[in-house]
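Below: the structure, in structure tokens.
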Amino acid sequence: NHQHIVVFEKDIEIIWIMFHILDFSSELQSARLMVLENDKLQAQDYTELCSSKPFFQFSRIYFLELMSHYYERFHEDILGLNKKLAENFKNSIVSHGNDPLDALQGIEQFVYNLPQMITHPSYKELLSKRKNLSDTAIIVSTGPSLTKQLPLLKKYASKATIFCADSSYPILAKHDIKPDYVCMLERTEITAEFFNHDFGEFDKDIVFVCAGVVHPKAIEYLKNKTFIITQKVLAFPYYINLKNFCYAAVGFSVAHTLSYLATHLNHKNIIFIGQ
């Protein structure tokens, strides 16, 4: 009745002998039986196991079972294995979010932003029309080093495509450095205020790239500007299945997302400033 059985074994010779006695070829082929040699497992192996189906879905009822008293001799190894599995299951769970209220806010705002998403150009359309326009991309974050790098950025702005974080946008506008792309990922209302500006002609031809979960106020502030809304890699957008709008809002920061965008637009040189 088991969908999968995962066997961790340090002494692989025991498994070798067992396979000479019993035929598990069909179970191995269908991955119903998985045999893993403890000593050869790398960190990535644990990550892939604990984040894949169906193991991740049942992670909250995880239990490492000893099949006989023989294995009590190896209790230190077993405790170490159990610790690694528990840590990786925890990391996989946290990677999907650690706050249910935050997740619900994201779902609510994604639904609210859907009409604007599907009535504006898609991420695929953006890529198809803007690939290969420039060799060099400069990604502007809003760290402590940005202020001293602004004069150099202004000097070379015309020689590169400028991608900037939402928080960098008003700073660049103040110094008359026009970005080509501005990106927002956060879902909070306070970050939406970065777009609460009317810079007139300065905003012309800037493309604002927003994750679907951003606060609706951010989209409202962009009403008369050029923007696209894309999806984050989350379960709810996945089941909506809007394939043309892609999962472009990836990574843990705006700089990560912009680096993917710059790569997909075929920029050969990508420079990060303001970190």
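The values are calculated or read from the model by the stated rules, or taken from the named source; none is laboratory data. Because the structure is a prediction, the values reported are computed rather than measured. Glycine also receives a Cβ, built like all others from the backbone with ideal geometry; neighbour counts cover every protein chain displayed.
For this structure, a couple of remarks:
- Against the test of being exposed (fewer than 15 other Cβ atoms within 10 Å of the Cβ), aliphatic (A, V, I, L, M) and either free of Cβ contacts under 8 Å to residues at least 24 places away in the same chain or not assigned by TED's automatic domain parsing to the domain that holds ALA211 (or both), the options LEU85, LEU104 yield a single qualifying residue, LEU104.
- For region 147-194, filtering for residues that are in a helix (DSSP H, G or I) and either under 29 Å from ASN113 (Cβ atoms) or not assigned by TED's automatic domain parsing to the domain that holds ALA218 (or both) leaves 12.
- Of all residues making up region 146-197, the number that are within 16 Å of THR257 (Cα to Cα) and hydrophobic (A, V, I, L, M, F, W, C): 8
- Check on ILE219, more than 24 Å from LEU146 (Cβ to Cβ) and aliphatic (A, V, I, L, M): yes
- Exclusive hit being of a type in the set (A, V, I, L, M, F, W, C) and under 22 Å from LEU242 (Cα atoms), set ALA103, ALA86: ALA103
Per-residue answers, yes or no, for (1) touching a strand residue (DSSP E or B) at 6+ places or on another chain (Cβ under 6 Å); (2) of a type in the set (Asp, Glu); (3) under 30 Å from GLY106 (Cβ atoms); (4) at pLDDT below 95:
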| residue | (1), (2), (3), (4) |
| --- | --- |
| PHE163 | yes, no, yes, no |
| ASP166 | yes, yes, yes, no |
| HIS175 | no, no, no, no |
| ASP180 | yes, yes, yes, no |
| CYS183 | yes, no, yes, no |
| GLU186 | no, yes, yes, yes |
| ALA192 | no, no, yes, no |
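- Scanning region 96-130 for residues that are hydroxyl-bearing (Ser, Thr, Tyr) and in a loop (DSSP other than H, G, I, E, B) turns up THR119, SER122.
- Screening GLU201 against (1) under 14 Å from the mean Cα position of the chain (by Cα); (2) at pLDDT 90 or above leaves a single unmet condition, (1).
- Within the option set GLY80, GLY97, being closer than 30 Å to ILE228 by Cβ and either loosely packed, with under 15 Cβ neighbours inside 10 Å or out of contact with any strand residue (DSSP E or B) (no Cβ under 8 Å at 6 or more places or on another chain) (or both) holds for one residue only, GLY97.
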